[in-house]
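Undergrad: Have a look at the structure that comes next, please.
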Amino acid sequence: TTTAIVSSFRSSPYGTFLIGAGAQEGVKHDSIVLTDLGFVVGRVTDVSTHTSLVTQLLSPGKAVDALIGKDPATFTGTGGGNARAQVPRDIEVKVGDIVTSGTVGGRRIGIVGKVESESADAYSTVYMRLPQNVSAMRFVFVLSSAQ
């Protein structure tokens with residue numbers, strides 16, 4: 001189901017937004033919400049008759065287990081479709097790598113935007129982002145939780 005975003009991302013400090021589809025349109029609690037490019041932006045956490053509340057996957061402080069290629073990482077959301085993780089420095093990570101998560105059926109949750117590594121450190125910091133500006137999005141796709 002394609003639906004409009006009916007609240008501003010900036011209006012909520014909690015990493016949530018409202019969409020213009022609810023139970024009457026077939027939206028269910030825990031449905032996955034995707035950007036138009038097919039990246040997971042969040043999950044439906046509350047359903048009303050004609051609207052639903054979506055909690056962003058990368059909301060501030062929220063941890064998400066993910067894979068960068070085949071290498072595991074736990075990303076912590078920083079809001080606005082951004083997150084960061086610490087990974088062992090010997091893992092090869094480069095800008096543009098796709099990040100997926102088993103918590104959303106192995107779907108894409110972002111791309112690597114930056115990697116910081118100091119030769120004296122055992123870990124690299126990996127910055128992930130959605131490949132589009134979440135505050136500029138007007139529509140999203142809602143999948144039933146079975147998809």
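Undergrad: Give the dimensionless ratio obtained when the Cα radius of gyration of region 14-101 is divided by 2.2 N^0.38 Å.
TA: Normalised Rg, Cα atoms only: 1.24.
Undergrad: When a/c reaches 1.5 or more, the comparison of a/b and b/c decides; with that in mind, is region 82-129 rounded, prolate or oblate per its Cα gyration tensor?
TA: Prolate.
Undergrad: How far apart, in nanometres, would the label points at Asp90 and Gln24 be if each is projected 7 angstrom from Cα along the Cα-to-Cβ direction?
TA: Each label point lies 7 Å from its Cα, and together they span 5.9 nm.
Undergrad: Just subtract the alpha-carbon distance of Ala136 and Tyr123 from 0.36 nm times their residue separation and send over the number in nm, one decimal.
TA: Gain on stretching Ala136 to Tyr123: 1.4 nm.
Undergrad: If I build a Gaussian network model for the chain, linking alpha-carbon pairs within less than 10 angstrom, which residue out of Ser101, Ser119, Ser52 has the largest mean-square fluctuation?
TA: Of Ser101, Ser119, Ser52, the Gaussian network model singles out Ser119 as fluctuating most.
Undergrad: Here's a follow-up. Once you keep just the Cα pairs under 8 angstrom separated by 6 or more residues, what percentage relative contact order results for the chain?
TA: Reported relative contact order: 25 percent.
Undergrad: A follow-up question, please. Given a 1.4 angstrom probe, what's the average accessible area per residue across the chain, in square angstrom?
TA: Roughly 51 Å² per residue, with all protein chains present.
Undergrad: Given +1 on the Cβ of Lys and Arg, -1 on the Cβ of Asp and Glu, and no further charges, what dipole in debye does the chain carry about its Cα centre, rounded to the nearest 20?
TA: 280
Undergrad: Could you tell me which label, among (1) 1.09; (2) 0.97; (3) 1.01, carries the value of Rg/Rh (Cα atoms, Kirkwood Rh) calculated for this structure?
TA: (3)
Undergrad: Report, to the nearest whole %, how much of the accessible area of the chain belongs to carbon and sulfur atoms, 1.4 Å probe, protein only.
TA: About 51 percent, which is the carbon plus sulfur part of the accessible surface.
The values are calculated or read from the model by the stated rules, or taken from the named source; none is laboratory data. Keep in mind the model is a prediction, meaning the values are calculated, not measured. Backbone-built Cβ (ideal geometry, glycine too); neighbour counts: all protein chains shown. These area figures cover heavy atoms from the full protein model, side chains too; ligands, DNA and RNA do not enter into them. Shrake-Rupley method; radii C 1.70, N 1.55, O 1.52, S 1.80 Å.
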